[in-house]
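Everything on this sheet refers to the single structure shown next.
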Amino acid sequence: MTVTTWHYGLIARWWAEFNHGGDDIDFFRRQVEKSGGPVLDAGCGTGRVLRPLLEAGFRVDGADASAEMLDWCAKDLAAHGLRAHLTAQPMHHLDLETRYRTIIVCGAFGLGGTPANDLEGLRRLHDHLQANGVLVLDHHLPNFDKRGWQAWVDPPDLPRNWPERGDRRVAKDGSELEIKTRQVAFDPLEQTTTLEIRASQFRNDELVARDEHQILINLYLKNEVVLMLRSTGFEDIDITTLTGAPPQPWHDERIVFIARKRQQRLPCAT
């Protein structure tokens, strides 16, 4: 199955121009301080998390399925006098020479196209860790809101209509970029949802360019992710939130898995 994602063209530019900072940066920095470098940001995109870690003095490499996102990332790093080794590879094809003390996955799990690819991605992340290395993987629980959960038992009317208004912002070149998103498909048996994004560029309120792409997301509950981590060799799995507190039912939609690579065990003496 071909991986379906949307991080190209005007969408990639939107991420590069406007997707900066966030209340999770300090969380990932603290995790790297605990487990150490070198660090891999797998699914680094345009470098929202990667650049602050470089600025904090860590050695950080980046990988992403979209070469266009990495191009924007490299330009941003250069503008700040920074460099990183960036590789255009999805997680299930990850094949790098370096072995890392810490691997970060932020907003990129479940995008492999199939559960088999997502599982292979975890296996490859495990292979790219040093002994006793740590994976820090965030995850948004599926359909956390009431309307989302209702879709599991009552087929929604899809595709949804485009919203009347999108998020429009002024770009560096003076044009305006606007994005809109909608859900176009949902399969409760396969546990997948497909979203569509439309990015439009305007000059003086005149439409000059438009891109539309879809992304397929595999949906996993907490214990499914735990089983996937264990089956690919991870142990000492801790589940937390960005505040460091344990996740609470009906309250925390975004959770973080912190898992350690299983150390090689010596055979028992006979």
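Pairs, please: C-beta under 7 Å, at least 6 apart or cross-chain, first residue on the phi > 0 side of the Ramachandran plot and in segment 232-243, second among the hydrophobic types (A, V, I, L, M, F, W, C) and part of a strand (DSSP E or B)? Here the result reads Asp236/Ala259, each pair linking segment 232-243 to a residue that is among the hydrophobic types (A, V, I, L, M, F, W, C) and part of a strand (DSSP E or B). Out of the residues in segment 72-95 that are outside any helix (DSSP H, G or I) and touching a residue at least 40 places away in the same chain (Cβ under 8 Å), which is surrounded by the fewest Cβ atoms within 10 Å (Cβ to Cβ)? Ranking the qualifying residues of segment 72-95, first place goes to Leu94. For segment 109-119, what are the residues that are closer than 19 Å to Arg230 by Cα and either part of a loop (DSSP other than H, G, I, E, B) or of a type outside the set (A, V, I, L, M, F, W, C) (or both)? Hits for segment 109-119 are Phe109, Gly110, Gly112, Thr114, Pro115, Asn117, Asp118.
Tell me yes or no: at least one residue of segment 204-222 is over 19 Å from the mean Cα position of the chain (by Cα), among the acidic types (Asp, Glu), surrounded by 12 or more Cβ atoms within 10 Å (Cβ to Cβ) and under 23 Å from Thr4 (Cα atoms). Taking every residue of segment 204-222 in turn, at least one turns out to be over 19 Å from the mean Cα position of the chain (by Cα), among the acidic types (Asp, Glu), surrounded by 12 or more Cβ atoms within 10 Å (Cβ to Cβ) and under 23 Å from Thr4 (Cα atoms).
Every number in this text was worked out from the coordinates using simple rules, so none of it is lab data. Because the structure is predicted, anything quoted here is derived from the model rather than measured. Quick reminder, even Gly has a Cβ in these numbers, built from the backbone with ideal geometry, and neighbours come from all protein chains shown.
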